[in-house]
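See structure below.
The values are calculated or read from the model by the stated rules, or taken from the named source; none is laboratory data. Quantities reported herein were computed from a predicted structural model and do not represent experimental measurements. Every residue, glycine as well, gets a Cβ built from its backbone with ideal geometry; the counts of neighbours run over all protein chains shown.
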Amino acid sequence: MQSTPEPVARLVEELAKLPGIGPKSAQRLTFHLLRLPAEASRSLAEAIVRMKEAVVFCSNCWNIADKDPCAVCRSETRDRSMICVVEEPLDVLALERTREYKGLYHVLHGAINPVEGVGPDDLKLRELERRLNDDVKEIILATNPNVEGEATAMYVARMVEPHNIKVSRLARGLPIGGDLEYADEVTLARAIEGRRPM
């Protein structure tokens, strides 16, 4: 039986550490990269190194940026009275794609998850509390609608309470194009709770 060359095995091992990439996908990616021209492989490697060297975390909101503070925190047109609290930088990208939200962000870099050993001290909560000043009128909780996201949202709401700042949560309910008969009870209940006038 032919053994895999060490550089190939090492790349498979490293790629398999990425989220959503299992051993089979890591092997497919490795052999795809092996077939690429040397320039394409080098370009990918340089892009990864450049990203690690050039990307920083904004010292204000903890989103990823190429400059500190980030473009959102530097913007003169953003509404500084609102801070939308999210779990990850990808959540900021999703909200920005809507072009609806015009306030600031705060990225926690995770959610409270005792099973995984993630507690409040592991998140950027102290940094959020330092931002709660007279200019801030509303905190919008945009954590994920799962057990960890809900626990984190409740923790943040309790933390903000003494500051007399309005706390709101993203509305949840039925997806566009969905049928009522296929919706689960929790989604329907939240849709009824979050109803608004026409």
Looking at (1) over 20 Å from the mean Cα position of the chain (by Cα); (2) in contact (Cβ under 8 Å) with a residue 12 or more places away in the chain; (3) assigned to a loop (DSSP other than H, G, I, E, B), which is the only condition N60 fails? (1)
Which of the numbered conditions does L34 fail, given that it passes all the others? Conditions: (1) of a type outside the set (D, E); (2) within 30 Å of E138 (Cβ to Cβ); (3) in contact (Cβ under 8 Å) with a residue 24 or more places away in the chain; (4) surrounded by fewer than 15 Cβ atoms within 10 Å (Cβ to Cβ). (2)
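Rundown of residues vs (1) under 19 Å from N164 (Cα atoms); (2) without any contact (Cβ under 8 Å) to a residue 24 or more places away in the chain; (3) of a type in the set (V, I, T); (4) surrounded by 18 or more Cβ atoms within 10 Å (Cβ to Cβ), yes/no style:
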residue: R80; (1), (2), (3), (4): yes, no, no, no
residue: I83; (1), (2), (3), (4): yes, no, yes, yes
residue: R97; (1), (2), (3), (4): no, yes, no, no
residue: K102; (1), (2), (3), (4): no, no, no, no
residue: L123; (1), (2), (3), (4): no, no, no, yes
residue: N133; (1), (2), (3), (4): yes, yes, no, no
Looking at the structure I just gave you, is T98 in the same structural domain as D135 (by TED's automatic domain parsing), more than 18 Å from the chain's Cα centre (by Cα) and β-branched (V, I, T)? no
Taking the stated definitions as given, is G173 modelled with pLDDT under 90, surrounded by 13 or more Cβ atoms within 10 Å (Cβ to Cβ) and over 22 Å from P19 (Cα atoms)? yes
Mind checking which residues of segment 1-31 are among the small types (G, A, S), touching a helix residue (DSSP H, G or I) at 6+ places or on another chain (Cβ under 9 Å) and surrounded by fewer than 11 Cβ atoms within 10 Å (Cβ to Cβ)? S3
Kindly indicate whether any position in segment 27-47 is within 30 Å of V85 (Cβ to Cβ), in a helix (DSSP H, G or I), of a type in the set (A, V, I, L, M) and not assigned by TED's automatic domain parsing to the domain that holds K124. no
Which residues, taken from segment 111-121, are part of a loop (DSSP other than H, G, I, E, B), surrounded by 16 or more Cβ atoms within 10 Å (Cβ to Cβ) and not β-branched (V, I, T)? A111
